[in-house]
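Beneath this line is the structure, given in C-alpha cells, with notes to follow.
The values are calculated or read from the model by the stated rules, or taken from the named source; none is laboratory data. This one's a predicted model, so the numbers in the text were calculated from it and none came from an experiment. Cβ placement follows ideal geometry from the backbone for every residue including glycine, while neighbour counts extend to all protein chains displayed.
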Amino acid sequence: MDPTFRQLEYVVAISEHGSFGRAAEHCFVTQPALSAQIAQLEKILGVQLFERGRKVRPTAAGEVLIGQARKILGDVRELRETARGQGEPLVGRVRLGVIPTVSPYLLPTILPELRQRFPRLRLALREAMTRDLVAALHAGELDLLLLALDVEMGPVEECEVLEDPFLLVVPPGHPLEGKAALRQEDLEGSRVLLLADGHCLRAHAIEACHLRPNKDADDFSASSLSTLMRLVEGGMGVTLLPEMSVSSEAHSDLGLRVQRFAHPEPKRRIGMVWRRNCARKREYKLLAGAMRKLLQNPGRGAAPETVKAAGSNGAPL
C-alpha cells in the first residue's frame, strides 16, 4: 500500500499542532480515526513518525518524512491551482510571504488595486523575516515572496517591482541637519542606528551606505522601524529609512529631519520571488508586472508619498 494524501495531511497537522487531539480538530476528524491512520502509515513506511507523550514530537525519521510530506502536499496544491488557472490567470489561492519592512507600507496601497484587476485571486499573507520566508518557499509552504532582493535565496526566479532609496533621519540640531549634497561618507563618526541582526534591511543599509560596524550603535539596535524613530527622537543617533516607510514612520509630531542623499542614492531593490521550477511562474510574472505598473503610476497604487519636504534642506515632515 502507498500512503494516502489524507494521511500526509494528518502527519503535517500533528507536527504543526503538537497534539493528536488538536490535529484531529483541525482536520475535522475524530482523534481515534486520526490515530488509526497514523498507525497505518507508520506500518506502511516501516518507521515510527512520532514520540507519544504529553507533547507529541517527531522522531528523527519523522522529521525527514514530514518535510517530504509538506513538499508533496504543496506540489499537489500547486497542481490544483495551476489547473484552475489554465482558462484565466491568477485564479485561486496564492500564499504570499512579505517581510515586515515592506508589508505595512506597500500592501495597503496595492492590494485593493490587485483585487480589482484579479477578482478571483485569493492572497493568503504571511509576514516574517527573509530567512524564514525563503525556507518556507522551498518547503512548499509559500508560493511567492515579496521582499528585498540581492540576498542568497537558492534556486529561485525574481522580478524587481520597485527601487526603494534610503533616506537619512536625524534629530533637530544634528551636525548633518540641512547638509547639502549628502553622501554616504558623511555618516562617518555618526552613531547610525539599525535594526537588529536577522533583518535584511540592516544588511542592505550597511552595504548600500558602506557603513562600518559600530559597537555603540549596536547597543541600540531595534526590532522595528518605529522603535528606531523613537531612539533618534531621543537623541541616541541617526538612522536610515527606506523611502516607502518615511511618511508612516517619520511623521511630523516626532520633529525629525529627513534628508535625501546626493545621486546616486543608496537603495534596496524590492521584488517578487518564486521557486525556479514552479508551475505557475507565468502567472507570477504577470502579477509582478501588474504590481510594478501600479507602483510606477503616481495616480493609482503608487508607493506612499514620501516627504515632500525631505530634500537636503532637512525640513521636518
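Only one of 42, 51 is farther than 20 Å from residue 135 by Cα, surrounded by 14 or more Cβ atoms within 10 Å (Cβ to Cβ) and free of Cβ contacts under 8 Å to residues at least 12 places away in the same chain. Can you tell me which?
None of the other options fit; the residue is 42.
Report, by residue number, each residue of region 7-23 that is crowded, with 18+ Cβ neighbours inside 10 Å, among the polar types (S, T, N, Q) and over 27 Å from the mean Cα position of the chain (by Cα).
Listed by number, the list holds a single entry, 7.
Pick from 193, 167: which is at pLDDT 90 or above, more than 24 Å from residue 279 (Cβ to Cβ) and either basic (Lys, Arg) or in contact with an Asp or Glu (Cβ under 7 Å, 6 or more places away or on another chain) (or both)?
On inspection, the qualifying residue turns out to be 167.
Does residue 113 meet the test of being in contact with a Gly (Cβ under 6 Å, 6 or more places away or on another chain), in contact (Cβ under 8 Å) with a residue 12 or more places away in the chain and charged (D, E, K, R)?
Answer is yes for this residue.
Suppose the filter is modelled with pLDDT under 90, within 30 Å of residue 274 (Cα to Cα) and surrounded by 16 or more Cβ atoms within 10 Å (Cβ to Cβ); does residue 90 pass it?
Yes, satisfied.
Run down 143, 150 and say which single residue is over 13 Å from residue 274 (Cβ atoms) and either in contact (Cβ under 8 Å) with a residue 24 or more places away in the chain or of a type in the set (Asp, Glu) (or both).
Selected residue: 150, the only one of 143, 150 that is over 13 Å from residue 274 (Cβ atoms) and either in contact (Cβ under 8 Å) with a residue 24 or more places away in the chain or of a type in the set (Asp, Glu) (or both).
Which one of the conditions (1) out of contact with any Leu (no Cβ under 8 Å at 6 or more places or on another chain); (2) within 26 Å of residue 280 (Cα to Cα); (3) modelled with pLDDT of 90 or more; (4) not small (Gly, Ala, Ser) does residue 150 fail to meet, given that it meets all the rest?
(3)
Can you tell me which residues in region 93-113 are among the hydrophobic types (A, V, I, L, M, F, W, C) and buried (at least 19 other Cβ atoms within 10 Å of the Cβ)?
Residues satisfying the conditions are 94, 96, 98, 99, 102, 106, 110.
Quick check, is residue 246 buried (at least 16 other Cβ atoms within 10 Å of the Cβ) and either over 30 Å from residue 290 (Cα atoms) or small (Gly, Ala, Ser) (or both)?
Here the answer is no, as residue 246 does not meet what is asked.
Return yes or no: is residue 207 at pLDDT 90 or above and outside any loop (DSSP other than H, G, I, E, B)?
no
Can you name every residue in region 296-317 that is within 23 Å of residue 112 (Cβ to Cβ) and either outside any helix (DSSP H, G or I) or modelled with pLDDT of 90 or more (or both)?
Within region 296-317, 297, 298, 299, 300, 301, 302, 303, 304, 305, 306 meet the criteria.
Please give the number of the condition residue 62 fails out of (1) buried (at least 17 other Cβ atoms within 10 Å of the Cβ); (2) closer than 30 Å to residue 122 by Cα; (3) not hydrophobic (A, V, I, L, M, F, W, C).
(2)
Return a yes/no flag: does region 24-44 have any residue that is within 28 Å of the chain's Cα centre (by Cα), at pLDDT below 95 and under 18 Å from residue 67 (Cβ atoms).
No.
Filtering region 121-151 down to residues that are under 8 Å from the mean Cα position of the chain (by Cα) and in a helix (DSSP H, G or I), which residue is farthest from residue 198 (Cα to Cα)?
Within region 121-151, the match that is farthest from residue 198 (Cα to Cα) is 133.
Are there any helices (runs of 4 or more DSSP H) wholly within region 1-120 with 3 or more residues that are closer than 25 Å to residue 284 by Cα, and if so which?
Passing ranges, in order: 60-84, 103-117.
Looking only at region 30-39, which residues are surrounded by 16 or more Cβ atoms within 10 Å (Cβ to Cβ) and not polar (S, T, N, Q)?
Those that are surrounded by 16 or more Cβ atoms within 10 Å (Cβ to Cβ) and not polar (S, T, N, Q): 34, 38.
Please pick out the residue among 5, 20 that is in contact with a strand residue (DSSP E or B) (Cβ under 9 Å, 6 or more places away or on another chain) and either in contact (Cβ under 8 Å) with a residue 60 or more places away in the chain or assigned by TED's automatic domain parsing to the domain that holds residue 61 (or both).
20
Would you check which residues across region 152-180 are part of a strand (DSSP E or B) and either farther than 17 Å from residue 268 by Cβ or not charged (D, E, K, R) (or both) and list them?
156, 157, 159, 161, 162, 165, 166, 167, 168, 169, 170
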